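Trainee: Encoded as structure tokens, here's the structure I'll be asking about.
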Amino acid sequence: MSVLSVKNLQKSFDNLRVLKDISLSVTSGEIVSIIGSSGSGKSTLLRCLNRLELIDSGEITVDGDTMVSTENDKVKYAESPVLKQIRMKTGLVFQNFNLFPHYNVLRNITEAPIHVAGISRTEAEAKAYELLDKLGLTDKAESFPYQLSGGQSQRVSIARALALNPKILFFDEPTSALDPELTGEVLKVIRSLKSLNMTMVIVTHEMSFAREISNRMIFMDEGVIVEDTTPEELFNSANERTKAFLGKFH
Ligand code: ADP
Ligand code: MG
């Protein structure tokens, strides 16, 4: 069953065409990594998927809810039920954590469930404690982001993304801001989500991790999907652009 389907997505910033006719789909339980050079459009793609960016054309379907671009895109989707559904069904984990600095860990996690999903505080906090327990952060519930290490911050942001029981999680370079010794603890969490059958799209430069964890890997270059295939085939690709990119990691 398809959890995410993207058809002919186009996105420009002024005259810069950043996403040129992107189509892809992700089925339930699948883990898809997206790799590619800086500036190839990976973050923009993830941001378009839950409408942190407006799209110029194309169609995005998450778990049966579809958004198409229209001339009045901004007006049409600004407060629409379909956008709310898509936001609730997707979780996004950013490179720089993006925690609310003035809220403690517990409130970072319960904010969206309470204010977006309309879940009671009691229920939202119970779920938050359950997630903190799973992620080994129970003693950090009352801490503020500045009191956390990078690895702890990223685990809190993963807990926050999981709080709405999303159908799919998007990670945008989740370990790029971390020291090597903290990277492992975040990768371990992602592995544990795999064992729970979480559907995930992961933008990463951690090539060996991507190879190990992914069912499929997508190589993006200059706003297009150059290859969308198995890790094995990607790492043995005959494509010149793919080889040139992967060559940088040896
Ligand atoms: P990646 O994540 O693969 O490094 P990005 O999606 O961040 O790539 O960026 C793709 C291109 O779009 C880059 O040239 C970047 O400068 C440009 N870009 C990204 N966001 C904006 C924006 N808000 N306004 C203008 N240009 C942007
Ligand atoms: Mg990026």
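The values are calculated or read from the model by the stated rules, or taken from the named source; none is laboratory data. Remember, it's a predicted structure, so these values are computed and weren't measured experimentally. No Cβ is skipped: glycine too gets one built from the backbone with ideal geometry, and neighbour counts run over all protein chains shown. Side chains included, ligands, DNA and RNA excluded: accessible areas come from the protein's heavy atoms. Shrake-Rupley method; radii C 1.70, N 1.55, O 1.52, S 1.80 Å.
Trainee: Kindly provide the set of residues from region 99-130 that are within 14 Å of Y146 (Cβ to Cβ) and open to solvent by 60 Å² or more (accessible area, probe 1.4 Å), ordered by number.
Mentor: Residues satisfying the conditions are F100, P101, H102.
Trainee: Tally time: how many residues in region 155-182 are over 26 Å from K84 (Cβ atoms) and either of a type outside the set (A, V, I, L, M) or free of Cβ contacts under 8 Å to residues at least 24 places away in the same chain (or both)? I'd like the intermediate steps shown before the answer.
Mentor: Taking region 155-182 as the starting set, the residues that turn out to be over 26 Å from K84 (Cβ atoms) are 155, 173, 175-182.
After this cut, where a residue has to be either of a type outside the set (A, V, I, L, M) or free of Cβ contacts under 8 Å to residues at least 24 places away in the same chain (or both) as well, the list is 155, 173, 175-176, 179-181.
Total satisfying the criteria: 7.
Trainee: Then there's this: Do we find that I225 is out of contact with any His (no Cβ under 7 Å at 6 or more places or on another chain) and open to solvent by less than 10 Å² (accessible area, probe 1.4 Å) in this structure? Walk me through it before giving the result.
Mentor: Numbers: out of contact with any His (no Cβ under 7 Å at 6 or more places or on another chain): yes; open to solvent by less than 10 Å² (accessible area, probe 1.4 Å): no.
No.
Trainee: Pick from region 26-39 the residues that are part of a strand (DSSP E or B) and either closer than 14 Å to L169 by Cα or aromatic (F, W, Y) (or both): which of them is nearest to ligand 2 (Cβ to nearest atom)?
Mentor: Residues of region 26-39 part of a strand (DSSP E or B): 26-27, 31-35.
With the extra rule that they be either closer than 14 Å to L169 by Cα or aromatic (F, W, Y) (or both), the set shrinks to 26-27, 31-34.
Numbers: V26: 19, T27: 24, I31: 19, V32: 16, S33: 14, I34: 10 Å.
Once the filter is applied, the top-ranked residue is I34.
Trainee: I need every pair where a residue in region 205-232 that is in contact (Cβ under 8 Å) with a residue 24 or more places away in the chain and under 23 Å from S28 (Cβ atoms) has its Cβ under 7 Å from the Cβ of a residue that is open to solvent by 60 Å² or more (accessible area, probe 1.4 Å) and assigned to a strand (DSSP E or B), sequence separation at least 6 or different chains.
Mentor: Close Cβ pairs satisfying both conditions: R216/D228; I218/D228.
Trainee: Another question, if that's okay. Please count how many residues of region 187-213 are within 15 Å of the chain's Cα centre (by Cα), open to solvent by 10 Å² or more (accessible area, probe 1.4 Å) and closer than 17 Å to T230 by Cβ.
Mentor: Residues flagged as within 15 Å of the chain's Cα centre (by Cα), open to solvent by 10 Å² or more (accessible area, probe 1.4 Å) and closer than 17 Å to T230 by Cβ within region 187-213 amount to 1.
Trainee: Consider L169 carefully, then state whether it is open to solvent by less than 20 Å² (accessible area, probe 1.4 Å) and farther than 25 Å from S43 by Cα. Write out each step before concluding.
Mentor: On the way: open to solvent by less than 20 Å² (accessible area, probe 1.4 Å): yes; farther than 25 Å from S43 by Cα: no.
No; evaluated as a whole, the condition is false for this residue.
Trainee: Report whether or not K20 is away from ligand 1 (no atom under 16 Å from the Cβ) and not hydrophobic (A, V, I, L, M, F, W, C). Before the answer, list the steps.
Mentor: On the way: away from ligand 1 (no atom under 16 Å from the Cβ): no; not hydrophobic (A, V, I, L, M, F, W, C): yes.
For K20, the condition - away from ligand 1 (no atom under 16 Å from the Cβ) and not hydrophobic (A, V, I, L, M, F, W, C) - is not met.
Trainee: Take the residues of region 40-59 that are away from ligand 2 (no atom under 14 Å from the Cβ) and charged (D, E, K, R): which is most open to solvent (accessible area, probe 1.4 Å)?
Mentor: To start, the set of residues in region 40-59 that are away from ligand 2 (no atom under 14 Å from the Cβ) comprises 50-51, 54-59.
Remaining after also requiring charged (D, E, K, R): 51, 56, 59.
On the way: R51: 15, D56: 82, E59: 59 Å².
Looking at the filtered set, the residue picked out is D56.
Trainee: Separate question: Is there a residue in region 128-143 that is assigned to a helix (DSSP H, G or I) and in contact with a Pro (Cβ under 7 Å, 6 or more places away or on another chain)? Steps first, please.
Mentor: Restricting attention to region 128-143, the residues satisfying the condition of being assigned to a helix (DSSP H, G or I) are 128-134, 138-140.
Imposing the further condition that a residue be in contact with a Pro (Cβ under 7 Å, 6 or more places away or on another chain) reduces the set to none.
No, that holds for no residue.
Trainee: Could you tell me whether G223 is more than 17 Å from the chain's Cα centre (by Cα) and at positive phi? Step through it out loud before you land on a result.
Mentor: On the way: more than 17 Å from the chain's Cα centre (by Cα): yes; at positive phi: yes.
Answer is yes for this residue.
Trainee: In addition: Scanning region 1-27 for residues that are open to solvent by 80 Å² or more (accessible area, probe 1.4 Å) and farther than 19 Å from D221 by Cα, which turns out nearest to the chain's Cα centre (by Cα)?
Mentor: Here the residue is M1.
Trainee: So in region 7-34, with the set limited to residues that are of a type in the set (A, V, I, L, M, F, W, C) and touching a Leu at 6+ places or on another chain (Cβ under 8 Å), which one is farthest from M207 (Cα to Cα)? Lay out the reasoning, then the answer.
Mentor: In the first step, residues of region 7-34 are kept if they are of a type in the set (A, V, I, L, M, F, W, C); the result is 9, 13, 16, 18-19, 22, 24, 26, 31-32, 34.
Add one more test, that the residue is touching a Leu at 6+ places or on another chain (Cβ under 8 Å), and what stays is 9, 19, 22, 24, 26, 32, 34.
Values: L9: 26, L19: 23, I22: 22, L24: 21, V26: 20, V32: 13, I34: 10 Å.
Of everything passing the filter in region 7-34, L9 is farthest from M207 (Cα to Cα).
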